[in-house]
Amino acid sequence: MSRIHLPSTSDIIVIGGGPAGASAARILSAWGHGVLLLTKSQSPMPTLAESLPPSCRKLFRAIGVLEAIDEAGFYRSTGNTFWWGNDQMRSEHFADDERGYQVVRREFDHLLRDQAEAANTTVVESTVKRVEFDADDTATVHVATDSDCRTPVAVEARVVLDCSGRSGIIARRGFRRQSAMPLTLAIAGVWERPEGWSLAEPSHTLVEAYHDGWAWSVPVSTSRRYVTVMVDPRETDLDKAGKIAATYRRELAKTREISGLTHDAQLSEAPWACDASVYSASRCAGSTFLLVGDAASFIDPLSSFGVKKAISSAWMAAIVANTCLVRPDMGEVARNFYTAREMEIFSTYAKRTAAYFRDGATMHDHPFWTGRSELNYDLDHNSPTAIDLDSVRRDPTVQASFAELKNSAEIALTPGDGLEIERWPGIAGREVVLEERLGLETPITGRVAVRFVRNVDLPALVRIAGHHRHVPDLFEAYNQRYSPVILPDFLGALSLLLATGALINGFGKEV
């Protein structure tokens, strides 16, 4: 890690060296931007272990770190085991025999920072004293390096990414919105059992609900497991004298399955606690900054998608930052697009987690569960760009349009009165662009502005629809010109266009 004099300027400053910060820095450096990554020096405090699902591999490949992660030797997992909602055990394996990763966050984060530095990111251990936003659309970050903490150095940047997680260096300046959900405290310990664990699936993450909390255990080797209890500090009898170990053992004893694993195991590191309360942001972007990963929002660890969400956020932030630098005229559009996407992702996870807690509340009648089973978030974002073709296919108007296509000897497709072409932000390569979408409405979906349905490009299909007299010819022409799709999806999308009036079939009808 670099220990150098700070530059006076940088294209981009990234505050925070966790998964979001390191990933965003690596991507932007690889794209040719000058990136300064400011990260705290490593604390002696222990860090949690986390379970990364196999779906993370696509993200790792996209940011160019998959090979390094595979070579790092992280313990691999085949799935998860639950005791949730009832006393029955449920064991779920990842699809297609894929494997996830069980990682200690300190080691994983260090690997990502090394990968960012290998991509020419300047990585400096430092403390950010303050951030100023200047009138000329630049930001000034005042930094004290660990090697010279007495005199902060001012560094100017065109874009600052706040990837500082819960600390929220910029996020806490009026942007963070604390959820109305109850507080959550995570208390963790590390257990060793040299002969291994008496489990049918020793690589699995274990999740167990109990009366007033839940516990999870992540193995990081054949003999070492991290075990964490999740409690509400206002509902749980916590030790006020700071003896966290006693509280930890008391809570762990409330579990049946996970506590049984630890009876003949050794607690190798003293338990520690960290805040795991949920929060979001009122907006995630300004003229010279973006809130990225956990700086923008924190989802309940129950989802097990925290790291994946952080890296996804970093990928999107890199695209938006790149757009702001190379296409300043698209900056405002890109930043608004980013905020909408971040809010949409937070909303999706919030709804999913509330459903998990409702399931848990069926077994455990306690405020811990009932207080988390309702959506007390201000979810003010509804995506106008998503449509589920399976649901649409049940729409009687779509079914009628499909029957008409099936029974029509030929087609004569022309734009209808229901064709509304709108321009919405989307992603093309490394930039946010304005792309064509169709404004469609059905009784099931309501009104949406959508471009793709099951990978079928609707504006593209409208453009070529009138040039062919038979559905098979239209299908073949579409697959030759655009990314190929399967016939059922193509017919479903075409039926949707007819049902909404975006296209009309004039064959056999009087003009």
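For the chain, the share of DSSP beta bridges that are antiparallel, to the nearest 5, is 80%. How big, in percent, is the set of alpha carbon pairs in the range 320-464 lying more than 21 Å apart? That tail contains 61 percent of the Cα-Cα pairs.
Once both labels are positioned 7 Å from their Cα atoms along Cα-to-Cβ, the gap between LEU267 and SER55 label points is 3.5 nm.
The simple Förster model, with R0 at 51 Å and r as the Cβ-Cβ distance, assigns ARG358 and ASP473 a FRET efficiency of 0.50. Label sites at ARG234 and ALA253, each approximated as a point 7 angstrom past Cα along Cα to Cβ, lie 2.8 nm apart. Treating the chain as a set of equal point scatterers at the Cα positions, no solvent, please give the Debye-formula log₁₀ I(q)/I(0) at q = 0.10, 0.11, 0.12, 0.13 Å⁻¹. For the requested q values the scattering log ratios are -0.90, -1.04, -1.17, -1.28. Please work out how much length the chain gains when fully extended from ALA460 to THR222, using 0.36 nm per residue of separation minus the C-alpha to C-alpha distance, in nm with one decimal. Value of the extension gain: 80.4 nm. Per residue, the Cα convex hull of the range 112-225 amounts to 208 Å³.
Once the dipole of the range 389-505 is set up with Lys and Arg at +1 and Asp and Glu at -1 on Cβ about the Cα centre, which of LEU496, GLY466, THR414 lies farthest towards its positive end? Going by the Cα projections, it comes out as LEU496.
Segment HIS93..THR414, full-extension length gain: 110.7 nm, with 0.36 nm per residue of separation and the alpha-carbon distance subtracted. The Rg/Rh ratio for the range 272-340, using Cα coordinates for both the radius of gyration and the Kirkwood hydrodynamic radius, is 1.05. A Cβ-based charge dipole, computed about the Cα centre of the range 389-505 with Lys and Arg at +1 and Asp and Glu at -1, lands at about 160 debye. The smallest convex shape that holds all Cα atoms of the range 36-86, its convex hull, gives 176 Å³ per residue. The Kirkwood hydrodynamic radius of the range 52-111, based on inverse pair distances between different Cα atoms, is 12.9 Å. How much net charge surrounds LEU496 when only other residues with a Cβ under 9 Å from its Cβ are counted (Lys, Arg +1; Asp, Glu -1)? Local charge sum for LEU496: 0. Counting Lys +1, Arg +1, Asp -1, Glu -1, what net charge surrounds GLU107 among other residues with beta carbon under 14 Å of its beta carbon? Around GLU107, the charge tally is 0. Taking Cβ atoms as reference points and 12 Å as the exclusive limit, the residues near GLY306 contribute a net charge of +1, counting Lys and Arg as +1 and Asp and Glu as -1. A P(r) calculated from all alpha carbon pairs of the range 1-72, with 10 Å bins opening at zero, reads 15, 42, 33, 9, 0 percent. Each of GLU125, GLU195 was scored by other Cβ atoms within 10 Å of its Cβ. Listed from fewest to most, they are GLU195, GLU125.
The charge dipole of the chain, taken about its Cα centre with unit charges on the Cβ atoms of Lys, Arg (+1), Asp and Glu (-1) only, comes to about 560 debye.
Karplus-derived 3J(HN,Hα) values for the range 28-43, using 6.51 cos²θ - 1.76 cosθ + 1.60 with θ = phi - 60°, are 5, 5, 5, 8, x, 8, x, 10, 10, 9, 9, 10, 5, 5, 5, 7 Hz; glycine and proline are entered as x. When the alpha carbon gyration tensor of the range 389-505 is reduced to an equivalent ellipsoid, the three semi-axes, largest first, read 22, 17, 13 Å.
For the pair GLU107 and GLN399, the difference between a 0.36 nm per residue extended length and the Cα-Cα distance amounts to 99.8 nm.
Site pair ALA68 and ARG172 shows an inter-label distance of 2.9 nm when each label is modelled 7 Å from Cα along Cα→Cβ. Length, then width, then depth: along the principal axes, the Cα atoms of the range 90-142 run 55, 24, 20 Å. Normalised by 2.2 N^0.38 Å, where N is the number of residues, the C-alpha radius of gyration of the range 1-128 stands at 1.25.
Bear in mind that the values in this text are calculations on the coordinates, not laboratory data. For clarity, every value in this text was computed on a predicted model and none was experimentally measured. No Cβ is skipped: glycine too gets one built from the backbone with ideal geometry, and neighbour counts run over all protein chains shown.
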